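Participant: Would you mind keeping the following structure in view while I ask a few things?
The values are calculated or read from the model by the stated rules, or taken from the named source; none is laboratory data. As the structure is a prediction and not an experimental result, all values here were calculated from the model. All Cβ positions, even for glycine, are placed from backbone atoms using ideal geometry, and neighbour counts span all protein chains on display.
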Amino acid sequence: MKICILCPDSEIGLARQNTKRIFKNDGELSIKDIKTKEIHTYPINYIGIPVSESGSLPATHWFCFLNTDDETYNKIVAICKYSTIESCGPKQFLEKWNLKIIEH
């Protein structure tokens, strides 16, 4: 099953904490702002892709795309109170929410 998960930046810490028992944290992601040259560091983990309407920093939302089985999907849905979850492809999902991946 293909699923997309989206979380507002203001809720990302709560969403990641809430799903800690399903996903592991795994390092950091550094993104350089093309305009300001400032480097932003984010943890790489569940919902780890920064997105915004313009495709530029700062991230307004965080996104991930998973291929998973029904059991994992049901676990995610049961505990995700800070995220939007839909079963579809990433391109279609991001277009629906008018968001673009922030390239780094």
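Participant: Being part of a loop (DSSP other than H, G, I, E, B), modelled with pLDDT of 75 or more and not aromatic (Phe, Trp, Tyr) narrows it down to one of 78, 15, 59, so name that one.
Facilitator: The unique qualifying residue is 59.
Participant: Exactly one of (1) basic (Lys, Arg); (2) at pLDDT below 85; (3) over 13 Å from the mean Cα position of the chain (by Cα) is unmet by residue 91. Its number?
Facilitator: Single failed check for residue 91: (2).
Participant: Pull up the stretch 75-85, narrow it to residues that are surrounded by fewer than 14 Cβ atoms within 10 Å (Cβ to Cβ) and more than 14 Å from residue 11 (Cα to Cα), then point me to the one that is farthest from the chain's Cα centre (by Cα).
Facilitator: Step by step, filter the stretch 75-85, then rank; the result is 78.
Participant: List pairs: first residue in the stretch 54-83 and among the aliphatic types (A, V, I, L, M), second residue surrounded by 18 or more Cβ atoms within 10 Å (Cβ to Cβ) and in a strand (DSSP E or B) anywhere in the structure, Cβ distance under 6 angstrom, at least six positions apart or on different chains.
Facilitator: These pairs meet every condition: 59/50; 66/3.
Participant: Let me ask something else. Which of the residues belonging to the stretch 91-104 are surrounded by fewer than 16 Cβ atoms within 10 Å (Cβ to Cβ) and outside any loop (DSSP other than H, G, I, E, B)?
Facilitator: Of everything in the stretch 91-104, those that are surrounded by fewer than 16 Cβ atoms within 10 Å (Cβ to Cβ) and outside any loop (DSSP other than H, G, I, E, B) turn out to be 91, 92, 95, 96, 100, 101.
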